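Undergrad: First the structure, then my questions, so here it is.
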């Protein structure tokens, strides 16, 4: 599971970096774009976990 997670994480960061360089003319930190993707995913996981808890 760990090698798969490392590979998927690396691919995700490469894709986000390519999007940041192609879509935005100025230098944009990768952390901003990963947060824009990761925050909704994290909120979805929290909501899914709460449904099973109650």
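Undergrad: When both residues are 6+ apart or on different chains and their Cβ atoms are under 8 Å apart, which pairs have a first residue that lies in the stretch 36-47 and is loosely packed, with under 10 Cβ neighbours inside 10 Å, and a second that is modelled with pLDDT under 90 and part of a helix (DSSP H, G or I)?
TA: No pair meets every condition.
Undergrad: With (1) at pLDDT below 90; (2) surrounded by fewer than 10 Cβ atoms within 10 Å (Cβ to Cβ) as the list, and residue 2 as the residue in question, which single condition is left unmet?
TA: (1)
Undergrad: Any residue in the stretch 11-27 that's within 14 Å of residue 37 (Cβ to Cβ): show its pairings with residues that are surrounded by 13 or more Cβ atoms within 10 Å (Cβ to Cβ) and modelled with pLDDT under 85 at Cβ separation under 6 Å, as long as the two are six or more apart or on different chains.
TA: These pairs meet every condition: 20/28.
Undergrad: Go through the stretch 5-30 residue by residue and tally those that are surrounded by 10 or more Cβ atoms within 10 Å (Cβ to Cβ) and not in a helix (DSSP H, G or I).
TA: Qualifying residue count, the stretch 5-30: 2.
Undergrad: Checking residue 33 against (1) surrounded by 10 or more Cβ atoms within 10 Å (Cβ to Cβ); (2) out of contact with any helix residue (DSSP H, G or I) (no Cβ under 7 Å at 6 or more places or on another chain), which test does it fail?
TA: (2)
The values are calculated or read from the model by the stated rules, or taken from the named source; none is laboratory data. Everything numeric in this text was worked out from a predicted model, so none of it was measured. Every residue, glycine among them, receives a Cβ derived from its backbone with ideal geometry; neighbour counts consider all protein chains shown.
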